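The values are calculated or read from the model by the stated rules, or taken from the named source; none is laboratory data. Here the structure is a predicted model, which means the values were calculated and not measured. For neighbour counting, all protein chains shown are included, and Cβ atoms are generated from backbone atoms with ideal geometry for every residue, glycine included. The protein model used for the area step is the full one, side chains on, heavy atoms only, and it has no ligands, DNA or RNA in it. Shrake-Rupley method; radii C 1.70, N 1.55, O 1.52, S 1.80 Å.
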Amino acid sequence: MPDQRPHVLIIGGGFAGLFAARKLRKAAVSVTLIDRGTSHVFQPLLYQCATGLLSEGDISSPLRHLLRKQRNISVLLGEATDIDAEAKTVRARRFDGSSFDLSYDYLIMAGGARQSYHGNEAFEEFAPGMKSVDDALAIRRKIISSFEIAETLPTADLRRPWLTFVVSGGGPTGVELAGQIREMAVRALAREFDTIDPTEATVVLVHGGERVLESFHPGLSAKAQRTLDKLGVETRLGLHVTDVGTDYAVTTDKKTKATVQIDTHTVLWTAGVEAVPFARAVNTAAGVEPARGGTIPVGPDLRVAGHPEIFAVGDVMSLDKLPGVAEVAMQSGHHAATLIKRDVAKKGDAAAPFKYRDLGTAAYISRHHALLQSGPIRLSGYLGWIGWGFIHIAFLAGGRNRVWTVASWAATLGTGGRGERAITFGDPATARRPYP
Ligand SMILES: Cc1cc2nc3c(=O)[nH]c(=O)nc-3n(C[C@H](O)[C@H](O)[C@H](O)COP(=O)(O)OP(=O)(O)OC[C@H]3O[C@@H](n4cnc5c(N)ncnc54)[C@H](O)[C@@H]3O)c2cc1C
């Protein structure tokens, strides 16, 4: 007999989609969660995967496994590509390129964001972003192979561009990545090479703002800067990366417009995000003007105007300038599901406004140094580092991942080594774009 229960379709199994799915566990609905990957990825630790501290398995959990005990849900692998908001159907592409349709009574769009190159899409080929496991592995391949290539070159002049790493963007991801490349060079790699001295690796952090980590209190960001300086990261402020090629990056001073070329084979991009492509399809189908970065504007109850059955949550939604952070995603996913439950049960306020509870934010700088900011509480250094560790373990999905991550951290602290340095040699272009 066909399922008579209202059907909720969730696009994306990140923080927002997963929290929405879990909230619907006991609701009188059937749920389909579709994701273009098989796993829920813990993006805040991607940089540790990129720099050999953690494996891709440590920071991702199979969605099927996470939701295995939920009887009312089906998990599908596929990429939503199109939507007919009148017919209430979504077209999705299978991994092999063929398509299928999914109908819905309620749609929760939780597709998240991707890296933005601010109109310079050509940069992507030379400067991978940091939004997926594929990105993290591509970055790992770039970093490790740079040291390996430098080891084989006869002169310092030839080696220098391979040992120069440019990170564009001084937000948490850029700072974490720059710090970790230096830490990897001076601790894990220092004694393993014969020709090169990895500790001489230059890491240049380029940031357009006046200080790194601008979302933190100025006092905390100054402390982070001192830690980066001690670690040997060269921070260049007030600059944008305005050109990138196979062996160079060009920076332009925002005020004077003076340009500088840096000879490098490794440019990593963390400067900016935009909504995933499917957001455009949703905006067009619903007849709404896209918000900043192509995000989906929603009302206070997270619904898209004119379509009370469509919700947008997490990084892909635009509401009151809420930041693109995991807490917003988890809470908004949970709220959208709560409203659907109320709607179906005809009980409670099904249009209650979303109220975000800011529980704080954290950023890792280096071993024994992290920032933690929550209301009036501001921690840095060792205390911040302990707090950062607890928060990340608490939100990492899956017991196995928590245990392995703590074990990997302990091993790295104890030995200084990094065990996850394997690289694969697939075609980076296709490896980073699994769908045709
Ligand atoms: C490197 C990095 C570090 C970060 N560090 C922190 C931090 O320290 N603290 C913090 O609070 N936040 C941090 N964030 C931000 C945080 O990770 C995001 O705010 C959060 O992941 C957003 O959750 P989401 O569910 O909206 O989107 P995502 O987690 O991006 O999930 C979206 C999901 O949708 C899927 N998807 C996308 N398009 C489609 C489609 N068309 N069809 C099917 N599936 C699709 C994707 O595969 C993905 O699984 C960080 C982000 C990054 C990238």
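In the stretch 2-20 there is at least one residue that is farther than 23 Å from F311 by Cα and not assigned by TED's automatic domain parsing to the domain that holds A394.
Highlighted here are the helices (runs of 4 or more DSSP H) found entirely within the stretch 1-119 that include at least 2 residues which are more than 15 Å from the chain's Cα centre (by Cα), crowded, with 23+ Cβ neighbours inside 10 Å and touching a residue at least 40 places away in the same chain (Cβ under 8 Å): 15-23. Scanning the stretch 367-395 for residues that are open to solvent by 20 Å² or more (accessible area, probe 1.4 Å) and not in a helix (DSSP H, G or I) yields R367, H368, H369, L372, Q373, S374, G375, P376, I377, R378, L379, S380.
Of all the numbered requirements in (1) over 30 Å from G232 (Cα atoms); (2) buried (at least 22 other Cβ atoms within 10 Å of the Cβ), Y364 misses one, and that requirement is (1).
Collect the residues in the stretch 253-271 that are of a type in the set (V, I, T), open to solvent by 70 Å² or more (accessible area, probe 1.4 Å) and assigned to a loop (DSSP other than H, G, I, E, B), keeping them in residue-number order. Result: T256, single match. Inside the stretch 333-368, can you point out the residues that are more than 16 Å from the ligand (Cβ to nearest atom) and either touching a Gly at 6+ places or on another chain (Cβ under 9 Å) or at pLDDT below 90 (or both)? Scanning the stretch 333-368 gives T338, L339, K341, R342, A351, P353, R367, H368. Return yes when V298 is within 22 Å of K131 (Cα to Cα), within 16 Å of the ligand (Cβ to nearest atom) and surrounded by 19 or more Cβ atoms within 10 Å (Cβ to Cβ) and no when it is not. Criteria not met by V298. For the stretch 153-242, the strands (runs of 3 or more DSSP E) that sit wholly inside it and include 3 or more residues that are open to solvent by 30 Å² or more (accessible area, probe 1.4 Å) and either under 17 Å from I365 (Cα atoms) or free of Cβ contacts under 8 Å to residues at least 24 places away in the same chain (or both) are 233-237.
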